[in-house]
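Asker: Mind looking over this structure? Questions follow.
The values are calculated or read from the model by the stated rules, or taken from the named source; none is laboratory data. Because the structure is a prediction, the values reported are computed rather than measured. Methodologically, a virtual Cβ is constructed for each residue, glycine included, from the backbone with ideal geometry; neighbour enumeration extends over all protein chains shown.
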Amino acid sequence: MARYYEAGASVYNLMDELIEERFGNTLRATSIKVLVDSKPKIDKLTNRITFASIKCANEVEKFLSMDGHNLAGIDYLIFISELVWELANDKDKKRILSHELSHTFVDEKGNYKTVRHDIEDFYTEVRLNEDDPMWGQALSTIAIAKVEQMKADAKANR
């Protein structure tokens, strides 16, 4: 089984909704491919799992993604943790994608870039998540516990 696979239509539909709601002026014409990563990534220092990440497509990725629909190739790649996505509720899935889209930036020349957090998270994201400011920590704790359970199960089955 491949480590990465393309996200399903429901992920793209959610992303399209978010782009229209929050990022329409800057991302409406942007081409984004979403890949699901089946290997969880845990930061050993903070003991937190990576929910998702985004990167600008490099020249090879742009070339390989060119087709009849997208003549210039993709602009961004989003990687989503399969485990986290399976454990997340609908609101948390929206939060994860919204966060990754917040990293995007198009400069005055039309070049696609990524930006770092303006604080621990983005000011806008903090404000949007006032109803549940600890959602990320809660989801991370559940995901880490699931990874540990999977490791224990694999060890027991040897």
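Asker: For W135, which of the numbered conditions (1) touching a residue at least 40 places away in the same chain (Cβ under 8 Å); (2) over 24 Å from L45 (Cα atoms); (3) not aliphatic (A, V, I, L, M) fails to hold?
Answerer: It fails just one condition, (2).
Asker: Another question about this same structure. For region 1-56, how many residues meet the condition of being part of a strand (DSSP E or B) and in contact (Cβ under 8 Å) with a residue 40 or more places away in the chain?
Answerer: Taking region 1-56 and keeping what is part of a strand (DSSP E or B), we get 4-6, 32-37, 42-43, 48-49, 52-56.
From the residues that got through so far, the ones that are in contact (Cβ under 8 Å) with a residue 40 or more places away in the chain too are 4, 32-37, 42, 48-49, 52-56.
Of the residues in that region, 15 qualify.
Asker: What's the number of the condition A72 fails, among (1) small (G, A, S); (2) under 26 Å from N111 (Cβ atoms); (3) touching a residue at least 60 places away in the same chain (Cβ under 8 Å)?
Answerer: Condition not satisfied by A72: (3).
Asker: Is at least one residue of region 42-61 within 14 Å of the chain's Cα centre (by Cα) and either charged (D, E, K, R) or more than 27 Å from N111 (Cα to Cα) (or both)?
Answerer: Kept after step one, since they are within 14 Å of the chain's Cα centre (by Cα), are these residues of region 42-61: 49-56.
Now narrow it down to the ones that are either charged (D, E, K, R) or more than 27 Å from N111 (Cα to Cα) (or both): 49, 55.
Yes, region 42-61 contains at least one residue that is within 14 Å of the chain's Cα centre (by Cα) and either charged (D, E, K, R) or more than 27 Å from N111 (Cα to Cα) (or both).
Asker: On to the next question. State all residues of region 21-45 that are at pLDDT 95 or above and acidic (D, E); if no residue qualifies, say none.
Answerer: D37
Asker: Still on this model: Please work out which residue is modelled with the lowest pLDDT, limiting yourself to region 135-158 and to residues that are surrounded by fewer than 10 Cβ atoms within 10 Å (Cβ to Cβ) and among the hydrophobic types (A, V, I, L, M, F, W, C).
Answerer: Step by step, filter region 135-158, then rank; the result is A154.
Asker: State all residues of region 28-80 that are surrounded by 10 or more Cβ atoms within 10 Å (Cβ to Cβ) and β-branched (V, I, T); if no residue qualifies, say none.
Answerer: T30, I32, V34, V36, I42, I49, T50, I54, I74, I78, I80, listed by residue number.
Asker: With the checklist (1) without any contact (Cβ under 8 Å) to a residue 60 or more places away in the chain; (2) buried (at least 17 other Cβ atoms within 10 Å of the Cβ); (3) under 20 Å from I32 (Cα atoms) in hand, flag the one item T104 doesn't pass.
Answerer: Result: T104 passes all but (1).
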